[in-house]
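*Asks:* For reference, the structure I am asking about is given below.
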Amino acid sequence: LKFIFGPSAVPALDLVDQRSVTRVRSPSGRTLYQVLGSSGKLYTCYSSCHFCTCPAFGFSVLQRSESLLCKHILAVYLSQAMGACQELSVSEEQLTNILLAEEEDEG
């Protein structure tokens, strides 16, 4: 993993070990992932479009193209593969509020 994903591999595995990845699912089937980062901040990840709200993703992946992904996205993929995601079912309104809160944080 470290050969392919570089410095993101070990921190991502730490996040998986700490059970920091939660799959948030609404009744309509919409899904997103929340990852509690090592800094204690909660990041939202979208595995369907390979996106994370963390600053490292914006800088290293989108702006500089230095990495394929951040440790949070890698932790999501590893958690999916290992069946190690925590599960949270929310209403459509709650999911909308999560998405709107992320939009406010970015704006």
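*Asks:* List every residue whose amide H lies under 5 Å from the amide H of CYS45, counting only residues 5 or more places away in sequence or on a different chain, with H placed 1.01 Å from N in the peptide plane.
*Replies:* The answer is TYR33, GLN34, VAL35.
*Asks:* Here's a follow-up. Using heavy-atom solvent-accessible surface (probe 1.4 Å) with all chains present, what is the largest-first order of ILE98, ILE73, ILE4?
*Replies:* Ranking ILE98, ILE73, ILE4 by accessible area, largest first, yields ILE4, ILE98, ILE73.
*Asks:* If you take every DSSP beta bridge fully contained in the chain, what fraction is antiparallel? Give it as a percent rounded to 5.
*Replies:* 75
*Asks:* If you don't mind, another one. Can you work out ³J(HN,Hα) from phi for every residue in segment 46-56, in order, using Karplus 6.51 cos²θ - 1.76 cosθ + 1.60 and θ = phi - 60°, giving whole Hz and x for Gly and Pro?
*Replies:* Here the 3J(HN,Hα) series is 10, 5, 5, 10, 6, 9, 10, 8, 6, x, 5 Hz.
*Asks:* State, as an integer percentage, the relative contact order of the chain based on alpha-carbon contacts under 8 Å between residues 6 or more apart.
*Replies:* 32
*Asks:* Carbon and sulfur atoms: what percent of the 1.4 Å accessible area of segment 66-107 do they account for?
*Replies:* That share works out to 50 percent.
*Asks:* Send over a whole-number figure in Å² for the accessible area per residue of the chain, probe 1.4 Å.
*Replies:* 59
*Asks:* Calculated from the structure, semi-axes √(5λ) of the Cα gyration tensor in Å equals which of [x] 32, 17, 11; [y] 29, 22, 13; [z] 22, 17, 11?
*Replies:* Here the calculated entry is [z].
The values are calculated or read from the model by the stated rules, or taken from the named source; none is laboratory data. Keep in mind it's a predicted model, so treat the numbers as computed, not measured. Areas reflect the complete protein model, heavy atoms only, side chains present, ligands, DNA and RNA absent. Shrake-Rupley method; radii C 1.70, N 1.55, O 1.52, S 1.80 Å.
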